[in-house]
1. Can you pull the one-decimal nm distance between simple spin-label points at residue 25 and residue 42, each 7 Å off the Cα toward Cβ?
2. To the nearest 500 deg cm²/dmol, what mean residue ellipticity at 222 nm is calculated for the chain from DSSP H runs of n ≥ 4 alone, each contributing -39,500 (n - 2.57), summed and divided by the residues?
3. Tell me the relative contact order for the chain as a rounded percent, counting alpha carbon contacts under 8 Å between residues six or more apart.
4. Computed from these coordinates, which is Rg/Rh (Cα atoms, Kirkwood Rh): (i) 0.98; (ii) 0.91; (iii) 1.15?
């Protein structure tokens, strides 16, 4: 089994279903929930995983997924 870097992959389901490296962001989700802020702003440069992070949060909070 060969693991790959998910360059250009922005869907969390694709990361989980195929053999890609992914950094565990469980603590990030806990900090986001415990922060109790009305708005969270993700400021990162291009290609830093903003869309992938939002896709991960969608799968975490979604009932259907």
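1. So the two model labels end up 0.5 nm from each other.
2. Numbers: 3 runs with 27 residues, N = 65.
Per the formula, -11500 deg cm²/dmol.
3. Working: 36 pairs, mean separation 25.6, N = 65.
Rounded, it is 39 percent for the chain.
4. (i)
All of the numbers you see were taken from the coordinates with simple rules; none came from a lab. Bear in mind the structure is a predicted one, so any value in this text is a computation, not a measurement. We place every Cβ from the backbone using ideal geometry, glycine too, and count neighbours over all the protein chains shown.
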